Amino acid sequence: MTSRQSPLAGKHVVLGICGGIAAYKSVSLLRLLVKAGAEVQVVITPAGKEFITPVTLSALSQKPVVSEFFTANTGEWHSHVDLGLWADCMVIAPATASTIGKMAHGVADNMLVTTYLSAKSHVFVAPAMDLDMMAHPSTTANLALLRSYGNTVIEPDTGYLASGLTGKGRMEEPENIVRVLEDYFAKSQTLVGKKVLVTAGPTFERIDPVRFIGNYSSGKMGYALAEEFAARGAEVILVSGPVSVTASSPAIRLVRVESAREMLAECEAVFSGCDVAVMCAAVADYAPAVTSDRKIKREHSEVPVIQLVKNPDIAATLGAAKRPGQFLAGFALETDHEAENAAEKLSRKNLDMIVLNSMRDAGAGFGTDTNKVTIIDAGGSHEYPLRPKREVASDIIDYIETRL
Ligand code: PMT
């Protein structure tokens, strides 16, 4: 692939290099990125400089290499925040067990980790270490955490290691790392110009100022979808119930709501201008008929009976208003007769597709960092394995793209 054809052309790439023997491969990686037309800023850890000199790296990247928070003799400050904003992606190769641990737990004691924590763009992590370090439960757990943050882990290869042993821990070859980045950018341009509505999280239906009817939705699945749509170039409106997760992409407009009625109003206000809508929120089906404006006191009342009324069905309302060319997807969270119930919702709500997740599958549904879904539409059903929610979001959006 020539540099003009590469999806990396013109992209800003932060290349993070840690202190491991595989750092020698970072030179090839840097050369390939530059050859593909990317503008590369190298950030190296202090240990990384023991393995490879900044002179080589700055000559190849044609930029001074950043390693410390400031230049000692001039006092010039290197802003990790600016670097994080500048980057279209960050790739850490090699990523050592130590840096992976710091990234997973926010130990911001060097320029590479602070840049990582400030990065708004997608992050790729290419581990390289000895086989026993790679297999250690702490490495496995830290890599799982990075995946749950939405980072892509480029799995190391199995082969001859610097220790003389043979096993899993060799940093992926630079050509393959470049290919992963190119695939990412090729994908990321597919939804430019599209406007997407995503709902996420639970709704809270007020009983009184201190109590509500709600559910266990954390918002993780909906936010992962919003981030993935945004990473592919879409303009995203994320209508979210009360959650503690946050959205990081500047392409996401976050609209916070509390109740189903508020969520409906926000969705109705924007739906006609959207190309795609994905209803991932766990909307409460019922709300108290009356909301008390004062705390209902235990001492002063009989055991209260809370009369409930049905909430509006947001997905069905949008389904009824849908015009040709708009694509509406829903979710179905089931505990039994899964496929049957999902298919019924698909047709009753006039959806183009429904994503089924079952509370019976370990690691799927509410609160987890992973999900296991089956996509159902008029053409049949497609089952996917248990994966981190960001990767599930990517599968779902890949499928939606085939339908647009
Ligand atoms: O947030 P997480 O912790 O990551 O968990 C993710 C999730 C389990 C919440 C998500 O994957 C999911 O399944 N969301 C839909 C949950 C749900 O409410 O399912 P349902 O089968 O009750 O609803 C079917 C569809 O109708 C959904 O698209 C829902 O958004 C929509 N709906 C439901 C009720 C209602 N009053 N209005 C709606 O729009």
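The values are calculated or read from the model by the stated rules, or taken from the named source; none is laboratory data. This structure is a prediction, so every number in the text was calculated from the model and none was measured. Ideal geometry is used to build each Cβ from the backbone, glycine not excepted, and the neighbour counts take in all protein chains shown. Side chains are part of the model used for accessible areas, which takes the heavy atoms of the whole protein and leaves out ligands, DNA and RNA. Shrake-Rupley method; radii C 1.70, N 1.55, O 1.52, S 1.80 Å.
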| task | Write down, largest first, the equivalent ellipsoid semi-axes of the range 80-147 in whole Å, where each equals the square root of 5 times an eigenvalue of the alpha-carbon gyration tensor. | result | 22, 11, 10
| note | Computed for the range 29-184: size of charge dipole around the Cα centre, +1 on C-beta of each Lys and Arg, -1 on C-beta of each Asp and Glu, debye to nearest 20, value 40 debye
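Dividing the alpha-carbon radius of gyration of the range 292-379 by 2.2 N^0.38 Å (N being the number of residues), what value is obtained? Don't skip to the end; give the middle numbers.
Numbers: Rg = 18.3 Å, N = 88, 2.2 N^0.38 = 12.1 Å.
Cα Rg divided by the expected 2.2 N^0.38 Å: 1.52.
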| Separation of alpha-carbon centers, the range 282-359 and the range 1-55, rounded to whole Å | 49 Å
| said: To check you understand DSSP bridge types, tell me what percent of the beta bridges within the chain (both residues inside) are antiparallel, rounded to 5. | reply: 30 percent
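State in Å² the accessible area per residue of the chain; use a 1.4 Å probe, count heavy atoms of protein chains only, and round to the nearest integer. All intermediate terms of the calculation are to be shown ahead of the outcome.
Working: 19040 Å² over 404 residues.
It amounts to 47 Å² per residue over the chain.
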| query | Could you state the principal axis extents of the C-alpha atoms in the chain, from the largest down, to the nearest angstrom? | reply | 74, 53, 43
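With the cut-off at 29 Å, tell me which of the pairs Lys187/Lys322; Lys11/Lys194; Lys11/Lys372; Lys187/Lys389; Lys195/Lys372; Lys349/Lys372 have Cα atoms farther apart than that. The partial results should precede the final answer.
Values: Lys187/Lys322 27 Å; Lys11/Lys194 21 Å; Lys11/Lys372 33 Å; Lys187/Lys389 18 Å; Lys195/Lys372 26 Å; Lys349/Lys372 23 Å.
Over 29 Å Cα-Cα: Lys11/Lys372.
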| Put +1 on the Cβ of every Lys and Arg and -1 on every Asp and Glu Cβ in the chain; which of Thr115, Ala22, Tyr160 then has its Cα farthest towards the positive end of the dipole? | Thr115
| said: At 222 nm, what value in deg cm²/dmol follows for the chain if DSSP H runs of at least 4 each add -39500 (n - 2.57) and the sum is divided by all its residues, to the nearest 500? | reply: -10000 deg cm²/dmol
| task | State the extension gain, in nm to one decimal, for the chain segment bounded by Asp285 and Val303, taking 0.36 nm per residue of separation less the distance between their alpha-carbons. | result | 4.2 nm
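What order, most packed first, do the peptides 302-310, 113-121 have when packing is the mean number of other Cβ atoms within 10 Å of each residue?
Values: 302-310: 9.3, 113-121: 20.8.
Top to bottom by mean Cβ count within 10 Å: 113-121, 302-310.
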| Which lysines does Lys168 reach when only Cα atoms under 23 Å apart count, and residues fewer than 8 places away in its own chain are ignored? | Lys25, Lys102
| task | Just tell me which aspartates and glutamates come within less than 18 Å, Cα to Cα, of Lys297; anything on the same chain fewer than 8 places away is out. | result | Asp208
| Test item: Cα-centred dipole of the range 244-403, Lys/Arg +1 and Asp/Glu -1 on Cβ, debye | 500 debye
| message | Rounded to the nearest percent, how much of the accessible area of the range 177-311 (1.4 Å probe, protein heavy atoms only) is carbon and sulfur? | response | 51 percent
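Taking the Kirkwood radius as the inverse of the mean 1/r across Cα pairs, report the Rg/Rh of the range 50-113. Intermediate values should be presented prior to the final figure.
Numbers: Rg = 12.8 Å, Rh = 13.4 Å.
Value, to two decimals: 0.96.
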